[in-house]
Amino acid sequence: MAARCFPAGTSEHWAFVFGAYRFLGLAFGWVQGQVSVPGKLSDLHLYDGVQGYSGVPTGSWAGVMPGDSCQGSWPSASPWLSGSQSFPPYGEVGVALRLP
């Protein structure tokens with residue numbers, strides 16, 4: 001499990017938590033928005049691999065309310081799984097976990 005806040009020390013912009021595990025060749029990912037501004041919608045994403053570094057998108061959810069979460073599962077052989085958050089038209093901020 002990992003958390004990401006950007007810029008550091010604030011939860012008004014990019015702020016989310018990401019968790020993942022793998023079992024019998026399937027990856028399971030979960031991402032939750034933690035933005036502290038009520039009603040500030042974000043897009044949440046899951047990747048097989050590292051987001052921004054050839055990671056393959058496996059799920060995207062648009063217009064997610066603060067505190068809501070999204071989850072997905074997919075066949076995976078990559079040692080890395082990623083979750084990210086974006087506020088279109090601004091950039092996407094992500095975090096990756098290396099799983100055994």
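Structure above, values below:
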read-out: Top-ranked residue in region 42-86 [being among the hydrophobic types (A, V, I, L, M, F, W, C) and touching a residue at least 40 places away in the same chain (Cβ under 8 Å); ranked as farthest from F18 (Cα to Cα)]; value: A77
read-out: Candidate set: region 1-41, residues that are of a type outside the set (A, V, I, L, M, F, W, C) and in contact with a Gly (Cβ under 8 Å, 6 or more places away or on another chain); chosen: the one modelled with the lowest pLDDT; value: R4
read-out: Any strands (runs of 3 or more DSSP E) falling wholly within region 1-40 and containing at least 2 residues that are touching a residue at least 12 places away in the same chain (Cβ under 8 Å) and in contact with an Asp or Glu (Cβ under 9 Å, 6 or more places away or on another chain); value: 26-33
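Here is a yes/no grid of residues against (1) within 11 Å of the chain's Cα centre (by Cα); (2) hydroxyl-bearing (S, T, Y):
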site: A2; (1), (2): yes, no
site: H13; (1), (2): no, no
site: G19; (1), (2): yes, no
site: R22; (1), (2): no, no
site: A27; (1), (2): no, no
site: W30; (1), (2): yes, no
site: D43; (1), (2): yes, no
site: Y47; (1), (2): yes, yes
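The values are calculated or read from the model by the stated rules, or taken from the named source; none is laboratory data. As the structure is a computational prediction, the values presented were derived from the model and not from experiment. Neighbour counts run over all protein chains shown; Cβ positions are idealised from the backbone, glycine included.
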